[in-house]
Amino acid sequence: MLRLLRQISLRQLTASWGRTALVVGGVATGVSLIVAIDVVKTSVVENFRRTVAQMAGPAALEVALGVGEVGFDEAAVELVRSDAEVVAAVPLVRGTIALADDPAETLQLFGADFATEDDLRRYPITATTDRRELLLAVGEPDAVLVTETFAREHRLAVGEQLRVSSPTGIRALTVRGLLATEGLAAAFAGRLATMDLPAAQLLLDKVGRVDQIDVVVRDGADVDALRRRLENNLPAALSVAPPAQRAVQYETMLTSFRALLTGLSSLCLVAGVFIVYNATSTGAAHRAWTLAALRIIGADGTTVLRLLMLEAFLLGAVGAVFGIVSGLLLAWLLIPLVTDSMGINFQLRFYVPELAIDPRRLLVAAILGIAAAMGASYFAARRASRAAPIDVLRSDLGMMDATAPPRGLVWWWLALVTLSGVALVMQVQRKSAAWGNLGSSLFNAAVVIVAIPIAQWAGRLVSRVLPALSPATGRITANSLFRSPVRTGVTAAAIALSLSVSINLASVPYSFKASMNSYVGKFLSADLIVSAVATEGGWLESPVPESLATGIRMLPGVAQVEVGRVLTGQPFRGARIGVFGITDRAFDPARQPPGWYRQGDPEKAAPALRAGTGVNVSTTLADRYDLHVGDEISLETPTGALKLPIVGVVPDFVSDHGSVILSHRLIVERWRERNLSRINVLTDGTHSLDELRRAIMERFGHEHRLKVLSVGEVLAYHDRMISRAFAFTDAIQLLIAIVTLCCIFDQLVSTTIERRRELALWRVVGADDRAVRTSVMLEAATVGMLGATLGLGIGLPTAWLWIKVNLRYLLGYDLEYHFGALPTAISVTIVVVMTLAAGSAAARMATRQSVLDGIRSN
Amino acid sequence: MVFRNVTKVFGSGASAVRAVNDLSFSLSRGEFGSLMGPSGSGKTTVLHLIAGLTAPTGGSIIVDGDDVARMTATDAAALRRRRIGYILQSFNLMPFLTAAENVGMPLVLDGIRQSEVDARVAAALAMVAMSHREAHLPNQLSGGEQQRVAVARALVIEPAIILADEPTGNLDRAAAVNVMNLLRDVNERTGVTILLVTHDAEFGAYARRVLRLVDGALERIDGIPGEPDRERQLGK
């Protein structure tokens, strides 16, 4: 077998290097995307775990409230310390600060008590500055320690000033020491800073509050018993848990996003398998003559099958190796896009300083790629091994693939679609993204199968239409196209899949943007919206002080201000939801767009919301936890449990896990949080928007890094954020489009080669180059139209399914479905251009072939 | 090789074609026979039946003691590897293999050790006077040379029977005569049985016995006078 491989396979595969490259490329595409997405997922999770573990230091338990946005009373620290089993209770505050001159550059600030050196030494942070210098930092309100990496990048030395933007405004800090970029500092890619606890509390406007207490226990202490005691003694809103459990909570948060990435990688594997199937089918048809000659001189069918499968194994292995290498490179390129996207989704900063590569998982990906190559090649290999050699040797090459489609394809299609429907129902019932991914994969596979009988059916129709359009070329073209409905159907399916994926991926951000436009433009309408330039990691801006709203209200031209505060990390039944507090006027029924309330009556809800005796919940939250108007919801706050009835269910995009919308007064009273996320400004008409904008910046711009935007500019801001969030899907879409183009090109060129004799004979009887070109282009155009029609027919309903069903469980947002006419038109245009380009190249090849060689060709 | 009451029908119903119609004939070991007849008389189908490339609708085909009609496709392939050499009109050499590699392919398919393959290939190429071109690709050889290589490929397995289907069809006259002389020479030197299909009377006469087919049936036999009429006996 090895000799046959060397003498037959190697030489033939080398001779048709283009098709070989297509097979290898198809496998490499699938494997690289699986590897890339797996490495990205693993790297994010691994870094998360490492960060949480390092942040925890030696702590056996952590006391926290949500993700630490608002903090809790520092009196809790003494309560914890008072327990006999506690060796140390280390209070921490955390927050994000940005460089005043470059708001995109942020630092994770940790405030810890520098006086308790012994406690701090437990953490994986190493100061490289002299200890005496560090001690000088104790008690200084502006002293900060930054990492060596950060200092080097920003040319900072000890003693120099660093201007930052914080919740309390722009502040000048003094670099008092440097930290080695290792351990915890490395986990944040050097974007870490520390201050003395009181100084950090002041800067982050958390005076009297802490975000976290790390609890170090005595050796041999009963940690579970300690945990129960602390839970009993501390306010109910605080969670007491081992650090690993917090890591699990964060990982759970990522589950849906990982499911989305898994779904994409499954789609890529389907595309890769499909491309390999296409290329090996065409390759087997072209090698049919050689294989038949082998059979004549004594090779049996089993030998031929084994040889072809061994080839598939080797090509799959080569493709897998390329796929792994390119996958790692792709992961490195995708990480910034994906972490950016996750940041926008989850309002947290994700740092991934290095890729987490697990050789075992790479091996699994390689095996998957090889198995896919062998599976995709099997049908072509089996066909080739069973073909009667004398029939093959007699046949025109173009007739070799003239196989009738297998019977029962429509039943197979129905079965797959039914299974896909079942998976969809399971997704809805179990609220499971995994079922959704399975359903999508099954549906895409069904597209390939149904394309073949559709091609057969279309063949009957087209066989009448084409000759009517062009008597000379139409008949010949129709015959070529539908001589093998399997091949035509598979090519059309390739186009349809590519188009369907494009429509789906384009519709999602389009619907997202349109939904946000409804949300921001209609529900939160104002003349100007004021917020910080810096963000917490995604679209949500860093908080600004309440005094800013008071000051803006006093400016001439301002009729009123409305405020809003978003807390994205509030604990609720083990998950993390958003709480959105807004000014009472926003609940005015006249401001609600028609149909805004999915449940409840805005007229009845408004008084309760204004009075703080009722709350709205988002459709996502209601869906996830089966909540309805009239149900009571309980929220943990620093001042105890807040229990209120639900008075309305409305759309909201604050959090992927769902959100609670309530009066801003409750945020102040119950969460003790006075900072604001956004300030909506309504004018009295005496000043233009530009004048008001200038006035705000002049009055407050030197204290805070602000942006003052019109509604249109806010919508544009959200549009940009959404585009960023989905940027990585553009890369995947482009890769699929390129590989599909190669597939279509190979198919059309192969068809031209197969028709060589037929076209030559046609030219002998008088067909000129124009007629030949027309025939080939007509074939390409017909296949393209068939594929485009199928793609639209599949893409539009699946886009609706993705947006209204799948994304609810993958990303957690309930979006309005908006048909993206422009992105769809662009996708269709690209498909048509791709097909015609491939057809044009094939047509050029057809007219360059020698007539005599064509007649003699076999 | 014995053909007894063999029928081959292609298709069914109104479009059925009887390519071979109750045909009986035999070839003794070492005999050189030819099948002649007009186009569509079933000559090539007879070769396909003997080689096990298609199954008869009825009758039996005994080659070297085995009934080919009852063989599985795997056994028929083994038969072609080991006992039946097949020469086709269009040479059917693999364009990417050298002459030597083409000749050795049946042995490679049979799993023969490479050293033995090399030795037998060298001997086969010497027999057809093509040793000096063993490293050439088919497109570097003339038509006659390619056909010689095809003959060597048939000989390398030390066959019981060589089937030659219009081996001179794609050759000019001189090359064709060369190939026919080679076949006769091989038959006389090695004693291998040869069944030749041709429509050329001159080349048909190279055979000791000529069987003429018309519409799949035996019309007459031209052979050495005085030989018993075996075919008619077989048919009974």
Checklist outcome for this item: Within 10 Å of the Cβ of an average residue in A:4-17, the count of other chain Cβ atoms is 2
Checklist entry - Among A:813-819, B:161-167, how do they line up from the highest to the lowest mean number of other beta-carbon atoms within 10 Å? => result B:161-167, A:813-819
Checklist entry - Rounded, prolate or oblate: which one fits region B:161-201, using the alpha carbon gyration tensor with axes a ≥ b ≥ c (rounded when a/c is under 1.5, else prolate when a/b beats b/c, else oblate)? => result oblate
Checklist entry - B:Lys43: which lysines have alpha carbons under 26 Å from its alpha carbon, excluding same-chain residues fewer than 8 sequence positions away? => result B:Lys8, B:Lys236
Checklist outcome for this item: Extension length gain for A:Ala781 and A:Ile357 (0.36 nm per residue less Cα distance), in nm, is 148.2 nm
Checklist entry - Based on the mean of other beta carbon atoms within 10 Å per residue, what is the order of A:497-503, A:843-849, A:830-836, most packed first? => result A:497-503, A:830-836, A:843-849
Item to check | Heavy-atom surface of chain B, accessible at 1.4 Å and reported per residue (Å²) | outcome: 41
Checklist entry - Residues of A:286-297, mean number of Cβ from any other protein chain within 10 Å of their own Cβ, rounded to a whole number? => result 5
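Label region A:554-631 by shape, choosing from rounded, prolate and oblate, from the square roots a ≥ b ≥ c of the eigenvalues of the Cα gyration tensor; if a/c is under 1.5 it is rounded, and otherwise prolate applies when a/b is larger than b/c, oblate when it is not.
oblate
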Checklist entry - Tell me, in nm to one decimal, what length is gained between A:Asp768 and A:Ala727 on full extension, where the rule is 0.36 nm per residue of separation less the Cα-Cα distance? => result 10.0 nm
Checklist entry - Where the centroid of each part is defined by its Cα atoms, how far is region A:2-32 from region A:416-453 in Å? => result 33
Checklist outcome for this item: Inter-chain shielding metric for B:158-168, i.e. average beta-carbon neighbours from other chains within 10 angstrom, reads 0
Checklist entry - Using 7 Å Cα-to-Cβ label points, what is the B:His132/A:Ala837 separation (nm, one decimal)? => result 5.4
Item to check | chain A: relative contact order as a whole-number percent, Cα under 8 Å and 6+ apart | outcome: 17
Checklist entry - To the nearest 10 degrees, how steep is helix A:223-233 against the longest Cα principal axis of chain A, on a 0 to 90 scale? => result 60
Next on the checklist: Report the Cα centroid-to-centroid distance between region A:666-708 and region A:588-626 in angstrom, as an integer.
Outcome noted: 26
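Going from most exposed to least, what order do A:Arg553, A:Arg287, A:Arg573 have by accessible area with a 1.4 Å probe?
A:Arg573, A:Arg553, A:Arg287
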Item to check | chain B: DSSP helices with Cα axial extent of at least 15 Å and average Kyte-Doolittle hydropathy no lower than -0.5 | outcome: B:99-109, B:114-127, B:143-155, B:173-190
Checklist entry - How would you rank B:197-205, A:28-36, highest first, on the average number of other Cβ atoms within 10 Å across their residues? => result A:28-36, B:197-205
Item to check | Distance between modelled label sites at A:Ala611 and A:Ala821, nm, 7 Å Cα→Cβ extension | outcome: 4.7
Checklist entry - Taking K and R as +1 and D and E as -1, what net charge do the other residues with C-beta under 14 Å from the C-beta of A:Gly319 add up to? => result 0
Checklist entry - Tell me, what is the per residue accessible area of chain A in Å², probe radius 1.4 Å? => result 39
Checklist outcome for this item: Check: C-alpha center region A:808-843 vs C-alpha center region A:564-580, spacing in Å is 36
Checklist entry - Per residue, what volume in Å³ does the convex hull of the Cα atoms of chain A enclose? => result 197
Item to check | Beta bridge orientation in chain A: antiparallel %, DSSP, nearest 5 | outcome: 75
Item to check | Volume per residue that the Cα convex hull of region A:727-799 spans, once the total is divided by residue count, Å³ | outcome: 97
Checklist outcome for this item: Nearest 10, in degrees from 0 to 90: the angle of helix A:433-469 to the longest Cα principal axis of chain A is 40
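Can you bin region B:114-180 into rounded, prolate or oblate? Criterion: square roots of the alpha carbon gyration tensor eigenvalues sorted a ≥ b ≥ c, rounded for a/c under 1.5, prolate for a/b above b/c, oblate for the rest.
oblate
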Checklist entry - 222 nm [θ] for chain A, helices only, -39500 (n - 2.57) per DSSP H run of 4+, per residue, to 500? => result -19500 deg cm²/dmol
Item to check | Solvent-accessible ranking of A:Cys742, A:Cys268, largest area first, probe 1.4 Å | outcome: A:Cys742, A:Cys268
Next on the checklist: As I understand it, the dipole of the protein assembly as shown uses +1 on the Cβ of Lys and Arg and -1 on the Cβ of Asp and Glu, about the Cα centre. Which of A:Ala838, A:Ser547, A:Gln212 lies farthest toward its positive end?
Outcome noted: A:Ala838
Item to check | Between helix A:359-386 and chain A: long-axis angle, C-alpha atoms, 0 to 90°, nearest 10 | outcome: 20
Next on the checklist: Before we go on, tell me the buried accessible area for the A/B pair, both chains summed, 1.4 Å probe, in Å² to the nearest 100.
Outcome noted: 2100
Item to check | lysines with Cα under 30 Å of A:Lys431, excluding same-chain neighbours fewer than 8 positions away | outcome: A:Lys41, A:Lys513, A:Lys522, A:Lys643, A:Lys804
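The values are calculated or read from the model by the stated rules, or taken from the named source; none is laboratory data. All of these numbers come straight from a predicted model, not from anything done at the bench. Quick reminder, even Gly has a Cβ in these numbers, built from the backbone with ideal geometry, and neighbours come from all protein chains shown. These accessible areas exclude ligands, DNA and RNA; they are computed on the full protein's heavy atoms, side chains included. Shrake-Rupley method; radii C 1.70, N 1.55, O 1.52, S 1.80 Å.
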